[in-house]
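The values are calculated or read from the model by the stated rules, or taken from the named source; none is laboratory data. Predicted model only: the values in this text are computed from it and were never measured. Methodologically, a virtual Cβ is constructed for each residue, glycine included, from the backbone with ideal geometry; neighbour enumeration extends over all protein chains shown.
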Amino acid sequence: MAPDPDQYRAIAAAILPLVGGARNVTSVAHCMTRLRLGLADRTLVDDEALRALPGVLGVVEDDTYQIVLGPGVVARVTPVFEQLVETGRNADAVRTAWTGQGGDPGDPQPAAPGHGPVTAGELADRGAAMRADRKQRNATPVKLFLRRIANIFVPLIPALIGCGIVAGINGLLTNLVSTGHAAWATSLVPALAVIASGFMSLIAVFVGLNTAKEFGGTPVLGGAVAAIIVFPGVANVSAFGQKLAPGQGGVLGALGAALLAVQVEKWCRRWVPGTLDVLITPTITVLLSGLVTLFGLMYLAGEVSTAIGSFAGRLLGAGGGVAGFVLGGLFLPLVMLGLHQALIPIHTTLIQEQGYTVLLPVLAMAGAGQVGAAAAVYLRLRRNTSIRTTIRSALPAGLLGVGEPLIYGVSLPLGRPFITACVGGAFGGAFVGALNQLGNTVGSTAIGPSGWALFPLLDGNGGAVTTVAIYAGGLLVGYLAGFLITYFFGFSTQMLDELNADPAQPKPLATTNDPATPPPAPATARPASDDGHDDSQRLRT
C-alpha cells in the first residue's frame, strides 16, 4: 500500500503549533526514528498534547527537542514539516513588512485535535521527573561529548542499513550460484558486491565530513583529510617502521584526523589575515592534519581498531553466556545514563574490520526482555485500561526494536517491571553469548535496527539458517524470561491492588513512596535520549 502524503502532512501540521509555531523552530533534522528540533523557547512546547497526537510515539527533551515518530514515518514527515516552518516564517515576514507586527512565538497556538485538560497522576508525574533527572545527569561534559560523537555516526545509519541488506542478498545469491541453483545471477553477484561495498570503502570520508560539521569546522576540509586514509597511495608511505595500508585506522582514524583538522582550521582563522584566509587556511589545514594523519594517527588508530575487534571476539568467545548476560542486562541502564552512545563508533569499527558487529545482537536482547515484561504487565493489570491501552499501541513498535514507548510509558514509571525487563534481556543475551562461545558467531552488518527488524541484517560464521535461528532463539528466551520474571516478581500485592482498583470507585491518591501508585491518566511514552542509535539506539544501538 503506497504511503499517504496527506497523512504525513497532517502529522507535521499538528506538531508545528504544539512546538510554538514556525518562529520558535530554529533547526529541523531527523535520525532513524526521531524528528529533532532546535527551539528558541522551550516553554512554548505543549508536551502532553504532542504525546497525545496520533502517530507520535513519545518525546525526548535533550540538546534538541526530539519527537519519536518511528522508522519510515519520520523520513516522510520531516521534509513536510520543514516546508511548513519555512512557509510560516515567510508569512511572518510578509506580515511584519506590511503591519510592523510579526507573529510572536508566544502567541496562543491552536491545540491538537482531541487535546483536553491534563489530568495529574503520580505515574505521569514520576515519568516527567525521571525525564528531567535524566536530562540533568546527561549534561556532563563526557556525556555531551559522547552525544556529539553519536551525531557524527547517526546520519550514516541509513546507508549502513541499505548496504548491509544488499550485502546479505548478495551473500545468499553467491551461495545459490556456487551450488548451481541460480546461474541467472552470475553477472549480478559482482554488481551487488560493488553496491554493498562502495559506501564502506569510503565511510572514512563521510565520518570526516560529519565530524568537521559537528565540531564547527569546514566539512569538506574534514572530508579531505579523512580521504587520505582510504587513498590507495598511502601504501607507499611508512610510519613507525611499517608500510601503511589503505583504510588503516578506519573510522577512528578519520574521526581523529577530522578533529585535528577542525582545530588547525580554527587556529588559522584566528591568526591568518582575512585577505589571505581563502588561500592559506585550507592549505595549512590539509597539510598539517594530513602529515599528522599519515605519520601518526593512521598507525595508532589501526592498532586501536584491531584491539577493539580482538576484544569483542574474546569477550563473547571466552565469556560466553556470562558476558552475554551482563551485556543484555545492562544495556537499558546504559541507555538511561546516555553511555550507550560510546558504542556507536565501536559497532562501526567492528563492521568495517570484520564485516559485522557481534555486540549488537546481544544488546538487542534488552528489547526482547522489555517486550516480555510489557506483555506480563498487560495480563497482570486487567482492570487498568489506561496502561493496557498504552501497551497495545506500543507493543508492535517494541517488537520492531522501537522500545521507548514501552520503557517510559510503562515499565520505568512502574519501577519493578523495568528491573525485571532488564533481567529478561540478560537471559536473552546469555543465550546468544553462550552459542557464540560454542563457535556460532552472530553479528549484524549494520547498526540502527533491533528486534525483528534486525533479521535482514544478520550475518555470522554458521550460515544464514543457523544465524537466524540463534538470534530468533535469543529473542524467544528474552520474551519468555521478561514475561515470567515480571509476571511473578514484577508487582507487590499493594501495587496490584492499587493499579487494578475499580475505576468506578475512585479513591485518593496514595502518598506512599511505592513506585506503583495508580495513574488516573493514560500512561504516555517518554523515550530516552537518542543514536545513534537512532540511536539508536535506545534499543537500537
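Before moving on, here are some points about what is shown:
- Restricting the search to helices (runs of 4 or more DSSP H) fully inside the stretch 99-189 and requiring at least 1 residues that are at pLDDT below 50 gives 122-137.
- Residue match in the stretch 442-458 (condition: at pLDDT below 90, surrounded by fewer than 24 Cβ atoms within 10 Å (Cβ to Cβ), on the phi < 0 side of the Ramachandran plot and assigned to a loop (DSSP other than H, G, I, E, B)): no
- Residue tally, condition basic (Lys, Arg) and either in contact with a helix residue (DSSP H, G or I) (Cβ under 7 Å, 6 or more places away or on another chain) or buried (at least 24 other Cβ atoms within 10 Å of the Cβ) (or both), over the stretch 390-437: 0
- Condition met for Ala366 (under 17 Å from the mean Cα position of the chain (by Cα), assigned by TED's automatic domain parsing to the domain that holds Asn440, surrounded by fewer than 19 Cβ atoms within 10 Å (Cβ to Cβ) and in a helix (DSSP H, G or I)): no
- Tally, over the stretch 225-244, of residues that are surrounded by 11 or more Cβ atoms within 10 Å (Cβ to Cβ) and more than 14 Å from Leu300 (Cβ to Cβ): 11
- Subset of the stretch 322-357 (residues that are under 13 Å from the mean Cα position of the chain (by Cα) and among the small types (Gly, Ala, Ser)): Gly338, Ala342
- Hits in the stretch 41-80 (condition: hydrophobic (A, V, I, L, M, F, W, C) and assigned to a helix (DSSP H, G or I)): Leu44, Ala49, Leu50, Ala52, Val73, Val74, Ala75, Val77, Val80
- Selection status of Ala254, over 30 Å from Gly428 (Cα atoms) and touching a Phe, Trp or Tyr at 6+ places or on another chain (Cβ under 7 Å): no
- Considering the stretch 182-224, and only residues there that are among the hydroxyl-bearing types (Ser, Thr, Tyr) and surrounded by 13 or more Cβ atoms within 10 Å (Cβ to Cβ), the residue that is nearest to Ala257 (Cα to Cα) turns out to be Thr211.
- Filtered residues of the stretch 49-76 (kept if in contact with a Leu (Cβ under 7 Å, 6 or more places away or on another chain) and acidic (Asp, Glu)): none
- Scanning the stretch 14-33 for residues that are out of contact with any Ser or Thr (no Cβ under 9 Å at 6 or more places or on another chain) and buried (at least 16 other Cβ atoms within 10 Å of the Cβ) returns Ala14, Ile15, Leu16, Pro17, Leu18, Val19, Gly21, Arg23, Asn24, Val25.
- Which listed residue, of Thr275, Thr285, is in a helix (DSSP H, G or I) and at pLDDT 95 or above: Thr285
- Residues that are part of a helix (DSSP H, G or I) and closer than 22 Å to Val60 by Cβ do occur in the stretch 354-363.
- Filtering the stretch 139-165 to residues that are surrounded by fewer than 21 Cβ atoms within 10 Å (Cβ to Cβ) and over 25 Å from Ala258 (Cα atoms) leaves Gly162, Ile165.
- Test result for Asn500, over 20 Å from the mean Cα position of the chain (by Cα) and within 27 Å of Leu160 (Cβ to Cβ): no
- Residue in the stretch 283-295 that is under 28 Å from Val234 (Cβ atoms), within 26 Å of the chain's Cα centre (by Cα) and hydrophobic (A, V, I, L, M, F, W, C) present: no
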